[in-house]
Structure formats: C-alpha cells, structure tokens
Amino acid sequence: MSSSGNLPRTEANVLRGHEGAVLAARFNSNGEYCLSGGKDRTIRLWNPHRGLLIKTYKSHGREVRDVHVTSDNSKLCSCGGDRQVFYWDVATGRVIRKFRGHDSEVNAVKFNEYASVVVSAGYDRSVRTWDCRSQSTEPIQIIDTFSDSVMSVCLTKTEIIAGSVDGTVRTFDIRIGRELSDDLGQPVNCISLSNDGNCVLASCLDSTLRLLDRSAGELLQEYKGHTCKSFKMDCCLTNSDAHVTGGSEDGYIYFWDLVDARVVSRFRAHSSVVTSVSYNPKDECMVTASVDGTIKVWKT
C-alpha cells in the first residue's frame, strides 16, 4: 500500500544564483550533484545536499532549456534558444564542441548510456543524434517524422523515445530502424520512463499526465489536479514507481498514487510555475526548479 509518509515534502535547501527563471534541474546519475539551466544563459553545478554552488558554465547565447551529465560526471551536454547543442568538459568548464544543425530552439538533450552519443529534440520538429567522439559537427542521424515541435526525449539501450506537441510519443528502434507511434491526442511537453522501463509517463498540455504501457501502447492511467497549459514542465516517477510526481503552473508539487491516480500529496513549493522536477536515483530526495528563480531540495 502506498503511503505519502515517505515522500520528499520537507524543504532541505534552497539553491539561489540564477537570475530569472530556472528551466531545468537534473540530478546526476549517483544523486550527489545536480545541474541547472535557465533564462540567464548559464548552467550551474550544485551540491544540493549542502546547498553549495560549485561551478557556473557560461557560453550559451540564449536561455538554457535542458542539461544532462554523463554517468562518470566528466562531460555535460546542454541546449536552448541558440539552436546549438553544447558538449562540455565538466572539470575545466570548456566547451569541447558545438553541434549545429537544428533550425530553431533546442528543447531537450540526453546522452546515451556510453556517453558516446548526444540526442537532441527541437522546435524544428526533429530529433538529431550527434557523435561525441567524432570531430564532425554534423548529426549522424535525423528523425523528422514529427509534425510539430519535439519537446522531450528518453533513451533506452536500443531506443529513442520522444514526445511532441503533435500529440504523439514515438519510439525509434535504432538497431532495426522501426518507428512506433502512440497518439495521445493532446500536446506532449515532457516524457519520462518508469524505473522498470515498462511504462512512459507523458505530461500533456490539457493539465493531464498520462501513463502508457510501452509494449502494448495502452493508456494505463491519467493523473489530474494540477495546471499545465502553457509551460514545459517535467514529470517523473519515484524510485519505487509507486508514485507519479510533477509540478503545476501555480507553484504546487503533486504526488499521485501510480495505480489508482489519487492525489496523495500536494504542497506549495514555489511562488511561480514549477518547470522542473528531478528525483534522486539513490534516495528519496527531489529537486524542483521554478520561474521564481529558485531551485529547492526536498527530503523526507
């Protein structure tokens, strides 16, 4: 039985430093650090548990919409309003390469598990893959079957999964070149995989989160109560997959029971839109980010 007692609802730290809206906050793979990006064109590396800013990365010419770090913490990738995908050295803060090819803003980036490839999703209706080890700045693959902006991307060992404003969540099997499309009928602004890999959670702009079974494409559940109509806002599952969590345009964080979709907890986290939620992979701890300029760390 899922109880709300072990959910991270206690504010442990506030990370201040960004000037203006924070658009993304992401834990690294072991949960010790988090990275953020925002309207002030910077990426910031934090120790969220101690509330410390470790490093600031400046090279973007426009807002930073997404950031991801390799599992060994040595490289990071980022994207945003300047249409380029940046590939950075974490320790030195230098940009190793800028991948150019998107015709418009880039909404999301992810490394593959070997950190050899970056996958990006753009406002130009395409998903592009880039080889980090090659000197070439050309994409190695372009997927352009979407009919509107691609907002979010997730990777498995063999697949690229992407969510689009065209209402679809599409799965591309990289090995056999097959595409599967699930039409949710509402603009998708964020997708997230369940920890067991069997489901994809999609945040839609009709203020509804939808849970899809990946093998059958079946709609398993819908989660409502929050407001999500005009902003890109993250959603994710807790580590046990017992709860679904996401932000709201009124500054609230919601937790739903995965199975019966009831709201088990909601609380005011920020004074404005919650843009980002990221769950610590090793611990019941979460970071949230907001248009209010703050990142907050939540513990049980």
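The values are calculated or read from the model by the stated rules, or taken from the named source; none is laboratory data. Please read these numbers as outputs of a predicted model, since none were measured by experiment. Note: ideal-geometry Cβ built from the backbone for every residue, glycine included; neighbour counts use all protein chains shown. Please note that ligands, DNA and RNA were not included when accessible areas were found on the heavy atoms of the full protein model with its side chains. Shrake-Rupley method; radii C 1.70, N 1.55, O 1.52, S 1.80 Å.
So for each of 194-202, 76-84 I average, over its residues, the number of other beta carbons within 10 Å; can you give me the resulting order with the highest mean first?
So the peptides 194-202, 76-84, ranked by packing, come out 76-84, 194-202.
Considering the chain as a Gaussian network with a 10 Å cut-off on Cα pairs, which listed residue, Val150, Val90, Val69, attains the greatest mean-square fluctuation?
Maximum fluctuation in the GNM of the chain, among the listed residues, is at Val90.
Collect residues whose amide H, placed 1.01 Å from N in the peptide plane, falls under 5 Å from the amide H of Ala21; neighbours closer than 5 in sequence don't count.
Amide H neighbours of Ala21: Lys39.
Under a point-charge model restricted to the Cβ atoms of Lys and Arg (+1) and Asp and Glu (-1), what is the dipole moment magnitude of the range 1-79 relative to its Cα centre, in debye to the nearest 20?
About 200 debye.
Could you let me know the centre-to-centre spacing of the range 186-227 and the range 250-284, using Cα atoms, in angstrom?
15
Tally up the carbon and sulfur contribution to the accessible surface of the range 165-209 as a whole percent, 1.4 Å probe, everything protein left in place.
45
Under 8 Å for C-alpha pairs, at least 6 residues apart: give me the relative contact order for the range 249-300, rounded to a whole percent.
28
Taking a probe of 1.4 Å, how large is the accessible area per residue of the range 223-300, in Å²?
33
Starting from the Cα gyration tensor of the chain, take the square roots of the eigenvalues, sort them a ≥ b ≥ c, and report rounded, prolate or oblate (rounded when a/c is under 1.5, otherwise prolate if a/b is larger than b/c, else oblate).
Cα axes put the chain in the oblate bin.
Using a 1.4 Å probe on the protein chains only, how many percent of the accessible area of the range 57-131 belongs to carbon and sulfur?
Using a 1.4 Å probe with all protein chains present, the range 57-131 comes out at 40 percent carbon and sulfur.
Given Cα pairs under 8 Å that are at least 6 residues apart, what percent is the relative contact order of the range 201-257?
26
Would you please give the FRET efficiency between Arg175 and Thr300, computed as 1/(1 + (r/R0)^6) with r the Cβ-Cβ distance and R0 = 41 Å, to the nearest 0.05?
Efficiency for this residue pair is about 0.50.
How long is the gain from Glu11 to Asn239 if the chain were fully straight, where each residue apart is worth 0.36 nm and the alpha carbon distance is subtracted?
Full-extension gain reported as 80.2 nm.
Could you give the accessible area per residue of the range 88-216, probe 1.4 Å, as a whole number in Å²?
The answer is 43 Å² per residue.
What does the C-alpha gyration tensor say about the overall shape of the range 185-300? Classify as rounded when a/c is under 1.5, otherwise prolate if a/b is larger than b/c, or oblate.
It is oblate, given that a/c is not under 1.5 and a/b is not larger than b/c.
Taking R0 as 35 Å, what's the FRET efficiency between Thr208 and Glu113 from their Cβ-Cβ distance, rounded to 0.05?
0.70
Please list, in order along the range 116-129, the HN-Hα scalar couplings obtained from phi with the Karplus expression 6.51 cos²θ - 1.76 cosθ + 1.60 (θ = phi - 60°), rounded to whole Hz, x for Gly and Pro.
Once rounded to whole Hz, the list reads 9, 9, 10, 10, 10, 10, x, 5, 7, 6, 10, 10, 10, 10.
Rounded, prolate or oblate: which fits the range 202-254, taking a ≥ b ≥ c as square roots of the Cα gyration tensor eigenvalues, rounded meaning a/c under 1.5, else prolate when a/b beats b/c?
oblate
Taking all protein chains in place and a 1.4 Å probe, what share, in percent, of the accessible surface of the range 228-300 do carbon and sulfur account for?
Its accessible area is 49 percent carbon and sulfur atoms.
Counting pairs of alpha carbon atoms under 8 Å apart in space and at least six apart in sequence, what relative contact order in percent does the chain give?
That works out to 16 percent.
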